[in-house]
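Structure, as C-alpha cells:
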Amino acid sequence: MISEGSSFMRGLLIGGAFCIFITLIGHIKVAHESTTSHEHHHVQALNKEEVLKLSENELSQNMRVYCIILVKPKDLTLWAAAKDTWVKHCDKAEFYSSEEVKAFESISVNTNDMWAMIRKAIQIAYEKNKSEYSWFFISQPSVFAVIENLKFFLLKKDPSQPFYIGHTSTSGDLEYVDIAGGIVLSVESLNRLIAVFNEPDKCPESGGIIWKVSEDKQLAMCLKYKNVLAENAEDSEGKNVFNTKSVGTLIKEAMENDPQKVVEGCCSDMAITFSGLSPNNMQVMMYGVYRLRAYGHSFNDALVFMPPENSNND
C-alpha cells in the first residue's frame, strides 16, 4: 500500500509539473507570421546638425501625439497632478480608468486587470483617433513626460512604419518596452496590434492560467506576432530618454557611481519621461522644465512646437 501511495503521489507531482510547463510554453512562446530581419533595437534622436536641416513642414503641425493615461481610483492624487501638469502638453489626452469616477472626467473600461485595461484603451483610442494622430503615448499617472522632447525624438520617424519605442528590458528571449517609462506606438504598429487582438490564440485577452504575465510583456508578445519589435529610445549620445526611475533616484545613483560626473552619469538633456513621481514631485518637475528661466539668457531653439489649439499649457 505504501509503495502504491508513493507511486500515486509521484505521478501526481510529475503530472502537475508537466501541466504547468505546457501552460507556460503556451503563453510565452511567440511565433512570427513571417521572418523579417530586424536591423536595430536602438533608435536615436537627431543631433544638432540634423535639426538645423529640417524644413518648416516637419515641425509641430505634423507631430500630433495622443496620450493614453491608465488610472485607477486609488491614483486620484496622481491623476489630478498629471492632469494639472504635463498632460496639458499632449495634442489630445484622455484618462482611461478601471471604473467610473465622478471626481474626474475619464473613459471607463470596467476592469481592474492592467492588460485588459491596455487592450480596451488602445481599441477605443484607435477607433476614435486613428485618422487624426500618428503617434500614441501610453502612460501611467506616476510618469512625468516632456511631450516636446517626445515630438523632437519622433521628428524623422515614419509613423507608417511599425515603431514601438521606449525603455526596453528583456525577459528570456523577449525584448519589451517597460510601461514604467511610458510606451510609444506608431499608428502602423497600432494597425497591426488591432489585427492581432482578433486572434485570441496569439494574443489572449487574459494572461496566463497559472500566473499572469505583466501587461508590458503581454503587449510585446502580441506585437511580436506582427513583426513589431521593441526599440530602445536614446539621444544622439546613446543615453536613454525614457526613464523608469525618478530624477532624484537617477541623480543619487550617478553620485554613488562617480561623484565627479553626476550630470554626465545621470540623465539625457533630451529626456522624455521620468517615473515613480509623487504629486509634489510632478509640480516641482513642471516648475523646472517649463517655468524656471535664467533672466537675460536667450534660448534660440531651432524648433518650436506650438501648443495644441485652445490649450492652457505652460
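Tabulated values for the structure
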item: Å³ per residue enclosed by the Cα convex hull of segment 74-169; result: 123 Å³
item: Greater than 28 Å apart at Cα, pairs in K92/K212; K120/K156; K88/K239; K72/K92; K88/K120; K83/K202; result: K92/K212; K120/K156; K83/K202
item: Rel. contact order, % - alpha carbon contacts under 8 angstrom, at least six apart, segment 81-206; result: 23 percent
item: Qualifying chymotrypsin sites (Phe, Trp or Tyr not before Pro) for segment 77-127 [loop in DSSP, other Cβ within 10 Å: at most 16]; result: F104
item: Interchain or long-range residues, amide H under 5 Å from S97's placed H; result: V71, I107, S108, V109
item: Surface share of carbon and sulfur [accessible, 1.4 angstrom probe, percent] for segment 130-195; result: 42 percent
item: Phi to ³J(HN,Hα) by Karplus 6.51 cos²θ - 1.76 cosθ + 1.60 over segment 83-89, Hz, x for Gly, Pro; result: 4, 7, 10, 5, 4, 5, 8
item: Residue pairs, from the table K74/K217; K102/K128; K74/K261; K151/K217, whose Cα atoms sit over 31 Å apart; result: K74/K261
item: R0 of 51 Å, Cβ-Cβ distance Y295-N198: FRET efficiency to nearest 0.05; result: 0.35
item: Modelled FRET efficiency - R0 30 Å, I251 with E132, Cβ distances, 0.05 increments; result: 0.20
item: Distance (nanometres) between label positions extended 7 Å along Cα→Cβ at Q123 and I107; result: 1.2 nm
item: Semi-axis lengths (Å, descending) of the ellipsoid that matches the C-alpha gyration tensor of segment 211-253; result: 27, 17, 5
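The values are calculated or read from the model by the stated rules, or taken from the named source; none is laboratory data. Bear in mind that the values here come from a model prediction, so they are computed numbers and not experimental data. Here Cβ is always computed from backbone atoms with ideal geometry, including for glycine, and neighbour counts include all displayed protein chains. Quick note on the areas: whole protein, heavy atoms, side chains included, nothing else; ligands and nucleic acids left out. Shrake-Rupley method; radii C 1.70, N 1.55, O 1.52, S 1.80 Å.
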